[in-house]
Amino acid sequence: MSKEISLGRYYPAHSFLHDTDPRVKTILYAVYLVAIFIINQPITIGVLAGVIILQLIMAKITPSILWSTVKPMLPLALFIFVINIFTIRQGDVLFSWKIITITGYGIEKAAIMAVRLVFLIISTSVLLTLTTTPVKMSDALEKLFAPLQVIKVPVHEMAMMMSIALRFIPTLAAETEKIMKAQQSRGADYDAGNFINKVKGYITVLIPLFVSSFRRADELAVAMDARCYRGGNGRTKLNPLKLTLRDVLCGIMFTLLAVLIVLIDFSLR
């Protein structure tokens with residue numbers, strides 16, 4: 001299971017997006033996050049899909065890595081699709097039975113909502129987690145939010161916490177897999193019985209996982225204390241971030257693409 005989860009896992013490769021400054025990628029992620037939730041026309045969604053495919057090619061993300069990124073979120077996307085079909089009642093009615101009403105407009109909007117979630121996960125992975133190491137991501141967030149230090153916001157500590165949280169996603173996934181295999185070797189069956197029994201069965205996984213998570217957190221705190229970690233005051237970087245002309249041009253190009261997509265979407269409404 002841990003090998004199937006790519007969220008929070010860095011995918012080592014030598015590509016255009018891997019070599020791009022993480023500050024630029026973080027800003028681009030915010031731009032595309034806004035664009036994903038603004039557009040609602042099928043044409044602009046198709047154009048945005050083309051841009052995301054271009055980013056996948058530039059990042060050299062293989063289809064297997066992409067599938068492992070999207071697969072865990074497909075049940076949630078399907079749930080969002082079904083919920084929106086039954087709750088959106090505007091438009092021409094295609095099917096009606098008692099309290100259930102399905103319209104063409106509802107299907108279109110439900111599909112858009114599900115696609116938005118998939119685009120969000122892919123953009124997060126391509127622009128952040130798969131192409132950026134946790135250390136570089138932490139440095140980028142610290143640099144971008146540095147002005148908040150004027151109002152006494154602990155920027156360094158917040159960036160450190162976010163990078164550690166992302167780093168431990170695959171670690172906790174591997175720990176969950178190990179616990180489940182250990183419980184199954186003792187006779188546990190997570191697929192038998194009704195929904196309630198399955199939920200009760202997973203309690204035997206959650207309790208050891210929580211204990212292991214707290215133990216790992218304590219070990220990490222002791223390790224950081226042993227290395228005299230005292231926050232961001234006076235700290236220097238072994239590999240400081242350097243913004244190049246190529247990074248600036250990359251940010252401008254993809255930002256203009258996002259703005260153009262949003263403008264096209266507004267013109268089609």
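Every number here is computed from the coordinates shown, using simple stated rules; none is lab data. The shown structure was predicted, so the numbers you read here are calculated from the model rather than taken from an experiment. Here the Cβ positions follow ideal geometry from the backbone for every residue, glycine too, while neighbour counts run over all protein chains shown.
Some points to look at:
- Dimensionless Rg/Rh of the chain - Kirkwood Rh, Rg from C-alpha atoms: 1.03
- Take the Kirkwood radius over Cα pairs of region 200-269, plug it into Stokes-Einstein at 10 °C and 1.306 mPa s, and you get 88 µm²/s for translational diffusion.
- In plain terms, if you count all Cα to Cα distances in region 111-252 and split them into 10 Å steps from zero, the share in each step is 9, 25, 28, 23, 11, 3 percent.
- Distance distribution note for region 178-230: the fraction of Cα pairs above 12 angstrom is 70%.
- On the principal axes of its alpha carbon atoms, region 38-159 extends 57, 39, 25 Å, with the longest extent given first.
- Qualifying trypsin sites (Lys or Arg not before Pro) for region 74-155 [loop in DSSP, other Cβ within 10 Å: at most 15]: ARG89, LYS98, LYS152
- The chain: DSSP helices with Cα axial extent of at least 18 Å and average Kyte-Doolittle hydropathy no lower than -1.0: 22-38, 42-59, 74-87, 104-124, 155-185, 195-226, 245-267
- Among LEU144, VAL205, ASN233 the positive-end extreme of the charge dipole of region 118-257 (Cβ point charges): ASN233
- Its residue count N fixes a reference of 2.2 N^0.38 Å for region 85-155, and the Cα radius of gyration divided by that reference is 1.93.
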